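K.L.:
Please read through the structure below; I'll follow up with questions.
The values are calculated or read from the model by the stated rules, or taken from the named source; none is laboratory data. None of the values given here were measured: they were computed from a predicted structure. All Cβ positions, glycine included, derive from the backbone under ideal geometry; neighbour counts span all protein chains shown.
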Amino acid sequence: MAHEPGTHTLDAEAVRTWSSLALAALGRAREEIDAINVYPVADADTGTNLYLTAEAADRALDESLAGVTDPTAAPASLAEAVRAYAHGALIGARGNSGTILAQLLRGVADVLGADPADPADPAGPADHAPGPLLARALTRAAEEAYRAVAHPVEGTMLTVAGAAARAGAAAGTAAATAAEVARAAYDGARAALAETPGQLPALGRAGVVDAGGCGLVAVLGALWQALSGQEPAAEPVRGPAVPVAVLPDPESCGHEGHEQGGPAYEVVYLLEASDEAVAGLRRGLDLLGDSLVVVGGDGLWNVHVHVDDPGAAVEAGVEAGRPYRIRITHFGDQRRRAAAPRAQRAVVAVVQGEGLAALCGEAGATTVLARPGEQPAAAELLDAVRRAHAREVVLLPGSPELRAAAAAAAEQARSEGVRVAVIPTRSAVQGLAALAVHDPDATFDEDVVAMTAAAGATRYGELAVAERQSFTSAGICQAGDVLGLIDGDVAVIGAGLPETAEAVLKRMLGSGGELVTLVLGPEVPDALAARLEAYVQHAHLAVDTVTYRGGRWSAPLLIGVE
């Protein structure tokens, strides 16, 4: 949603406008920033990572402020807006630069989101005027970003943030407006960015400014525009006329800014842990690798590190707390994909269960694993589309809850020149049906039509265990009851898995069918599959049955009837 600049007031609407403008600015500059990305890893993704981080922050902010459009709702506060903005960035932070941006926004939120009446706040009334308040927020942001990075390096995004904070503080007199402070910070950041090639040898040799710092300048320019209504003059990303060459495989050449011997993997995860546990995690990860950035607080952290042993990095997170949304990227694979020619067409499928992921992978699909309670974000789907490395992509979201994320990922991929079609599969069994008829030799439109028809002709059922008493379309269920869902609605409530599964299958076959697909969860015995196969064979002689194992994280039972 676009929001028009033009207010000097530091309030929730200004934050919303800032977010919208920052996302647009990073979108315009994304490719150019990617092209000058040489530090800490020359993997040409800094602009993309900043954009995806800003996109996650913008989405969280819009969701938080959705009630503002309701005339009966109380206006959102500045504190609510900045906290939602920072939290969204933390959850969706991508790469080194995105993680640092998330911590910068957290620092801003720590100040703008504080209660002026808090007796623990040492600031006086004059410091809570908009200009001085924003100056303090920018200063806190730079301080927090420096603290988050294990070994800060000058000539980077941190340097630009520090210069912006100092310029903002110098302008932040009691009489200064927030717009004046934002303009000073923006100008200070631009000046610092121009100096980065002389501070960091890797940049000087490549003839470019720091990519992360370039993105931060765009974000600060958006802040000034949101507060002043004045649009920053368009300035090109300062770098060579052609993209900087991506370094070869790290096994043959170091990829860190400090030249040789850099780790081969990037590991990123969200972590639920205490401050004390995270302090120990920092020390452990610092010994394992480099480019360590740990951001967050209040029990939720985003961890980013480059290592040679990704398993050890994840295990360190397990020892500290609960890591999730774990992403492991091999820099060599990333570069080889970038250098390889694109395939003509690929399929990306979201599946719940490691066995299903392997099955779809064998069928040629690029998979995204959805864990229970942790639906993948648009950025993860976009990553999968990019990993597929094809000119045309068919995206199978596999869940109605992923419809919006799939649409957002598709829209971004199309802006990058990829033709994408989203087939609105609502279950993994519909995705399997679509994959079964996928024909890469057909035209794109013919293939999409055939896959859509196959998915639409597949009724889907699922068995789940009720966690609490609740009302359903089939009546009241109790905790521990087995729920049989057909096409997303509860149709059967049973006491046991075999009886409920048979009742669901009987209803689904009541309207006919030619093929039954059974996907068994990890704890479900083979005897259940044998029982259901025998039922189909006895009651419906012309119907075939195929059975798969869903593996870890899959539902107890999925049923598809075509």
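K.L.:
Taking the residues in segment 232-290 that are part of a loop (DSSP other than H, G, I, E, B), in contact with a strand residue (DSSP E or B) (Cβ under 7 Å, 6 or more places away or on another chain) and of a type outside the set (A, V, I, L, M) as candidates, determine which candidate is modelled with the lowest pLDDT. Quick ask: steps written out before the conclusion?
P.N.:
Of all residues in segment 232-290, those part of a loop (DSSP other than H, G, I, E, B) come to 232-255, 257-258, 260-264, 273-274.
This time we only want the ones that are in contact with a strand residue (DSSP E or B) (Cβ under 7 Å, 6 or more places away or on another chain), so: 262-264, 273.
This time we only want the ones that are of a type outside the set (A, V, I, L, M), so: 262-263.
Values: G262: 74, P263: 85.
In this case the residue turns out to be G262.
K.L.:
Taking into account only those residues within segment 522-562 that are of a type in the set (S, T, Y), buried (at least 16 other Cβ atoms within 10 Å of the Cβ) and in contact with a strand residue (DSSP E or B) (Cβ under 8 Å, 6 or more places away or on another chain), which is nearest to A503 (Cα to Cα)?
P.N.:
T545
K.L.:
Between a first residue in segment 530-542 that is without any contact (Cβ under 8 Å) to a residue 24 or more places away in the chain and a second residue that is aliphatic (A, V, I, L, M) and in a loop (DSSP other than H, G, I, E, B), which pairs have beta carbons less than 9 Å apart while being 6 or more apart in sequence or on different chains?
P.N.:
Short answer, once both residue conditions are applied: Q537/V543.
The rows are residues; the columns are (1) touching a Phe, Trp or Tyr at 6+ places or on another chain (Cβ under 8 Å); (2) surrounded by fewer than 17 Cβ atoms within 10 Å (Cβ to Cβ); (3) at pLDDT 95 or above.
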{"residue": "P122", "(1), (2), (3)": "no, yes, no"}
{"residue": "A129", "(1), (2), (3)": "no, no, no"}
{"residue": "G162", "(1), (2), (3)": "yes, no, yes"}
{"residue": "A175", "(1), (2), (3)": "no, yes, no"}
{"residue": "Y186", "(1), (2), (3)": "yes, no, yes"}
{"residue": "G212", "(1), (2), (3)": "no, no, no"}
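K.L.:
Confirm whether T452 is of a type in the set (S, T, N, Q) and farther than 18 Å from G550 by Cβ.
P.N.:
When the stated conditions are applied, T452 passes them.
K.L.:
Same structure, new question: Which condition number does A428 fail, the rest of (1) under 21 Å from the mean Cα position of the chain (by Cα); (2) under 18 Å from T458 (Cα atoms); (3) buried (at least 17 other Cβ atoms within 10 Å of the Cβ) being met?
P.N.:
(1)
K.L.:
Residue check: is A206 within 15 Å of G221 (Cβ to Cβ), among the aliphatic types (A, V, I, L, M) and assigned by TED's automatic domain parsing to the domain that holds R136?
P.N.:
Judged against the criteria, A206 is not a match.
K.L.:
Given the options R166, R147, name the one that is among the basic types (K, R), more than 29 Å from the chain's Cα centre (by Cα) and surrounded by fewer than 24 Cβ atoms within 10 Å (Cβ to Cβ).
P.N.:
Answer to the check: R166.
K.L.:
Looking at (1) free of Cβ contacts under 8 Å to residues at least 60 places away in the same chain; (2) over 27 Å from the mean Cα position of the chain (by Cα), find the lone condition where L158 falls short.
P.N.:
The number of the failed condition is (2).
K.L.:
Given (1) closer than 13 Å to V347 by Cβ; (2) modelled with pLDDT under 95, where does A428 come up short, assuming only one miss?
P.N.:
Checking A428 against (1) closer than 13 Å to V347 by Cβ; (2) modelled with pLDDT under 95, the one that fails is (1).
K.L.:
The conditions are (1) out of contact with any helix residue (DSSP H, G or I) (no Cβ under 8 Å at 6 or more places or on another chain); (2) closer than 22 Å to L518 by Cβ, and Y460 fails exactly one of them. Which is it?
P.N.:
Y460 satisfies all of (1) out of contact with any helix residue (DSSP H, G or I) (no Cβ under 8 Å at 6 or more places or on another chain); (2) closer than 22 Å to L518 by Cβ except (1).
Per-residue answers, yes or no, for (1) among the polar types (S, T, N, Q); (2) over 37 Å from the mean Cα position of the chain (by Cα):
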{"site": "R468", "(1), (2)": "no, no"}
{"site": "G494", "(1), (2)": "no, yes"}
{"site": "V504", "(1), (2)": "no, no"}
{"site": "T517", "(1), (2)": "yes, no"}
{"site": "V536", "(1), (2)": "no, yes"}
{"site": "S554", "(1), (2)": "yes, no"}
{"site": "L558", "(1), (2)": "no, no"}
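K.L.:
Helices (runs of 4 or more DSSP H) wholly in segment 306-410 with at least 1 residues that are under 17 Å from the mean Cα position of the chain (by Cα) and surrounded by 21 or more Cβ atoms within 10 Å (Cβ to Cβ) - which ones?
P.N.:
Ranges flagged: 378-388.
K.L.:
What single numbered condition from (1) more than 21 Å from L369 (Cβ to Cβ); (2) touching a strand residue (DSSP E or B) at 6+ places or on another chain (Cβ under 8 Å); (3) modelled with pLDDT of 85 or more fails to hold for F331?
P.N.:
(3)
For (1) in a loop (DSSP other than H, G, I, E, B); (2) in contact with a Pro (Cβ under 7 Å, 6 or more places away or on another chain); (3) without any contact (Cβ under 8 Å) to a residue 40 or more places away in the chain; (4) not assigned by TED's automatic domain parsing to the domain that holds L395, each residue gets a yes or a no:
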residue: V429; (1), (2), (3), (4): no, no, no, no
residue: L435; (1), (2), (3), (4): no, no, no, no
residue: E446; (1), (2), (3), (4): no, no, yes, no
residue: M451; (1), (2), (3), (4): no, no, no, no
residue: L463; (1), (2), (3), (4): no, yes, no, yes
